[in-house]
Amino acid sequence: MVVKTMSIKVSSEPETDLIDITDEVSRLVESSGIKNGAVVLFVPGSTASLSTIEYEPNLIEDFKNIMERLVPSDIQYKHKETWGDDNGKSHVRASLVGPSLTVPFKNRKLLLGTWQQIVLMDFDVPPRNREIIVQIIGE
């Protein structure tokens, strides 16, 4: 078994930005020299998540709308009392989705569905520079 650790760097916009990172992950898997295995993705921090979605404008808007209904922006979060910042909703949203994702691959190709893309979901209030840790594990 071989393990290779790399990273992907992205810049996000404020307030629930979804960024398609599928091509970058695919390039890392293809260039890793590992034929079959899994790629593990992890975003450090507590206001961003990783998931898959059909990355098209209307579904991205649907996702943003449902997150606003589930975890509204216009209510007070106790988190503000701790740090004085106003991103309590960002922490809650990120916790619901989660910070990591595992995708299998075969013959250096990700085994994603036809309409399935890997996305970073940044829920924080200010724009951010994010680094996604990528571990490629296999043989």
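Where does segment 8-48 land on Rg/Rh, using Cα atoms and the Kirkwood Rh?
On the Cα set of segment 8-48, Rg over Rh gives 1.03.
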Check your understanding: Over its Cα atoms, what ratio of radius of gyration to 2.2 N^0.38 Å does the chain give?
Key -> 1.12
Exercise for review: Rank the residues T5, T114, T22, T47 as a footprinting-exposure proxy: fewest other Cβ atoms within 10 Å of their Cβ go first.
Suggested key: T114, T5, T22, T47
**Study point:** Footprinting exposure proxy for D86, D17 (fewest neighbouring C-beta atoms within 10 Å first)
**Key:** D86, D17
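For Q135 and W83, what does the FRET efficiency come to when R0 = 41 Å and r is the distance between their Cβ atoms, rounded to the nearest 0.05?
Numbers: r = 31 Å, r/R0 = 0.75.
Result of the calculation: an efficiency of 0.85.
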Point to revise | Cut-off 14 Å between beta-carbons: net charge of the residues surrounding V2, Lys and Arg +1, Asp and Glu -1 | key: +2
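Would you mind ranking S32, S100 so that the residue whose beta carbon has the fewest other beta carbons within 10 Å leads the list?
S100, S32
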Practice item. Let me have the 222 nm mean residue ellipticity of the chain computed from DSSP H runs of 4+ only, each contributing -39500 (n - 2.57), with the sum over all residues rounded to the nearest 500. Key: -8000 deg cm²/dmol
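Since every read-out is calculated from the coordinates, none of them should be taken as a lab result. Remember, it's a predicted structure, so these values are computed and weren't measured experimentally. We place every Cβ from the backbone using ideal geometry, glycine too, and count neighbours over all the protein chains shown.
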